[in-house]
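**Q** Structure in structure tokens, see below.
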Amino acid sequence: MAEKLNFTKKILDVLPAPAKGRAYYLDTKQTSLGLTITDRGTRSFHVRATVNGTTKRIAIKNGKYPAMTVEQARTQAKKLLADIANDVNPIQKRQKKKALTVTLQQVFDSYLSERDLKPGTIKDYKLVMKESFDDWMDKPLKSITDRMVQAKYQQRGKASKARADNAIRVLGAVYRYAQAKYRDSEGSTLFLRNPVDILKETKTRFKIPRKKRVVPRESLDKWFKAVEGLNNEVSSDYLLFLLFTGTRREEAAKLTWEEVNFTANTFRLLDTKNREVVTLPLPDFIGKRLKARRGRKRTGWVFPAPFGKAGYMSDPRKSIEIVKLATKIPFSPHDLRRTYISIAESLDMSVYTIKALVNHKMSGDVTAGYVVQTPERLAKASNRIEQELLRLTGLNKGKVVELKTA
């Protein structure tokens, strides 16, 4: 129970701090004005009032005593009570004011911590924000305008339209998150406008063509010989694994010997883009190469990089550059995945089979939910793609793959 006192400087100065917890006092002159004293001796003013049917103590902003005098506290208490009488919730008013001063950095940090994102995605997003919006991170989100976004987008686009577009996509996602997170008491967003929308509304978003680069079919034999000729056997196996399985670079790089089954001719991916654990066919050609290199190893990375920070082959750039120099064929790890899919499609395979082999998500496709891909069907399809690749690389010269629907 709060003790009632006539608040004066003389009385408040000598009030004792409680042994533990907090002590509460009420002013006899301004009956809703209270004082809280902690066991550390901190004294601060509050208003005791009923808001939305609940009586609570509402702290007065900057209301620590003696920095705030008794008369100043009584004046602030009257203002708070007037707001409450006019159906203005002072707590929500402060929360709204605080939300409207939240910075891009604060919202971005919150976005990363609350979203279920993979470590690689977080790393990419941080790089994007630093590269494109480093000078905005300490600005209140509310201060970022349509005009600022347009100017930044055009400026960044001069260096790289693709990177500028990716950056604006991330910024738009962060802003949409803020619109959902920061709301008033009635549930309406505090950020009515997403400034990124101006690019769509003015139709000034860059048209970024989808990448279609593959290793040309007629150049696969030259490419293959250069890869096989690499001094780094692990790099050679890794690049061939990407071509013959169509696996994403990071998913292949994280493959361990425990997840390779040489008896069943399969490999299992645990940390995939769509977060699903998948078991896929291991082509005979790749299986023999891996088995020969494994020796007696039963654990560890299939594609180790002893001197790399990750421990596995996260960046085969050096080997790729050697192959490029020798063949004059530009390619990236993802181009090998695209090459695999293109070869599969050329064999008139079912799109659902191809998607299953490369672990493409099929959300939104109702029919896909009814298609059950058996291990035998996938193994048969994988073998057809393998034979075609071997033929194109010159290892199965003269052999033609029979075109049957897989």
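Here, each number is a calculation from the coordinates, and none is a lab measurement. From a predicted model like this one, the values you see are computed outputs, not experimental measurements. With ideal geometry, Cβ positions are generated from the backbone for all residues, glycine too; neighbour counts draw on all protein chains shown.
**Q** Given charges of +1 on the Cβ of Lys and Arg and -1 on the Cβ of Asp and Glu, with all other atoms neutral, how large is the dipole of the chain about its Cα centre, in debye to the nearest 20?
**A** 860
**Q** Can you put Val14, Val358 in order, fewest other beta carbons within 10 Å first?
**A** By the 10 Å Cβ count, ascending: Val14, Val358.
**Q** Compute a Gaussian network model of the chain, connecting alpha carbons closer than 10 Å, and tell me which residue from Val51, Val351, Val149 fluctuates the most.
**A** Looking only at Val51, Val351, Val149, the biggest GNM fluctuation is shown by Val51.
**Q** Using the Karplus curve 6.51 cos²θ - 1.76 cosθ + 1.60 with θ = phi - 60°, work out ³J(HN,Hα) for each residue of segment 65-81 in order, rounded to whole Hz, and write x for Gly and Pro.
**A** Once rounded to whole Hz, the list reads 9, x, 4, 9, 7, 4, 5, 5, 5, 5, 5, 5, 5, 4, 5, 5, 5.
**Q** Further, regarding this structure: Please report the net charge: other residues with Cβ closer than 10 Å to the Cβ of Asp39, K and R +1, D and E -1.
**A** On the way: positive: Lys20, Arg22, Arg40; negative: none.
With Lys, Arg at +1 and Asp, Glu at -1, the neighbours total +3.
**Q** Would you list Trp257, Trp223 from fewest to most Cβ contacts within 10 Å? Mind showing how you got there, number by number?
**A** On the way: Trp257 15, Trp223 23.
Result, fewest neighbours first: Trp257, Trp223.
**Q** In terms of modelled amide H atoms, which long-range or inter-chain residues lie less than 5 Å from the amide H of His46?
**A** Those lying under 5 Å, H to H, from His46 are Gly34, Leu35, Thr36, Ile60.
**Q** Given Cβ point charges of +1 (Lys, Arg) and -1 (Asp, Glu) and nothing else, what value in debye, to the nearest 20, does the dipole of segment 104-201 about its Cα centre take?
**A** The dipole of segment 104-201 has a size of about 340 debye.
**Q** Listed here are the pairs Lys288/Lys380; Lys158/Lys203; Lys96/Lys142; Lys123/Lys318; which of them are more than 20 Å apart at the Cα?
**A** Lys123/Lys318
**Q** While we're looking at this one, here's another question. Evaluate segment 247-394: find the radius of gyration of its Cα atoms, find its Kirkwood radius, and give the ratio Rg to Rh.
**A** On the Cα set of segment 247-394, Rg over Rh gives 0.96.
**Q** Given Trp257, Ala381, Asn359, which one lies farthest toward the positive end of the charge dipole of segment 217-392, if we put +1 on the Cβ of every Lys and Arg and -1 on the Cβ of every Asp and Glu?
**A** Highest projection toward the positive end goes to Trp257.
**Q** Return one number: the angle in degrees, 0 to 90 and rounded to the nearest 10, between the long axis of the Cα atoms of helix 161-181 and the longest principal axis of the Cα atoms of the chain.
**A** 40
**Q** Strictly over 31 Å apart at the Cα level, which of Lys211/Lys291; Lys139/Lys254; Lys118/Lys152 would you flag in this model?
**A** Listed pairs above 31 Å: Lys211/Lys291; Lys139/Lys254.
**Q** Can you list the equivalent-ellipsoid semi-axes of the chain, largest first and in whole Å, using the square root of 5 times each Cα gyration tensor eigenvalue?
**A** Those come to 65, 24, 21 Å.
**Q** Would you mind computing Rg(Cα) / (2.2 N^0.38 Å) for segment 171-275, counting N as its residues?
**A** 1.79
**Q** Taking segment 35-91, which trypsin sites (Lys or Arg not before Pro) meet the DSSP loop condition and have no more than 14 other C-beta atoms within 10 Å?
**A** Of the trypsin sites (Lys or Arg not before Pro), the ones in loops of segment 35-91 whose Cβ has at most 14 other Cβ atoms within 10 Å are Arg40.
**Q** Pick from Lys20, Lys93, Lys324 the residue whose mean-square fluctuation is largest in a GNM of the chain, springs joining Cα atoms under 10 Å.
**A** Maximum fluctuation in the GNM of the chain, among the listed residues, is at Lys20.
**Q** Compute the distance from the alpha-carbon center of segment 70-131 to that of segment 231-255, in whole Å.
**A** 46
**Q** Where is the GNM fluctuation largest for the chain (alpha-carbon springs, 10 angstrom cutoff): Glu259, Glu71, Glu218?
**A** Glu71
**Q** Using the count of nearby Cβ atoms within 10 Å as a rough guide to exposure, how do Ser350, Ser236 rank from fewest to most?
**A** Ser350, Ser236
**Q** To continue, here is another question. Given the rule -39500 (n - 2.57) for each run of at least 4 DSSP H residues, summed and divided by the residues of the chain, what is its mean residue ellipticity at 222 nm, to the nearest 500 deg cm²/dmol? Show your work: numbers first, answer last.
**A** On the way: 16 runs with 186 residues, N = 406.
Here the helix-only value at 222 nm equals -14000 deg cm²/dmol.
**Q** Next up: Farthest toward the dipole's positive end in segment 217-392, which of Gly246, Ser236, Leu280, given Cβ charges of +1 (Lys, Arg) and -1 (Asp, Glu) about the Cα centre?
**A** Comparing the listed Cα positions along the dipole, Ser236 ranks first.
**Q** As a test of the definition: which semi-axes, in Å, follow for segment 94-188 when you take the square root of five times each eigenvalue of its alpha carbon gyration tensor? Largest first, please.
**A** 24, 17, 11
**Q** Now for a different question. What's the local net charge at Pro330, with K and R +1, D and E -1, over the other residues with C-beta under 10 Å away?
**A** +2
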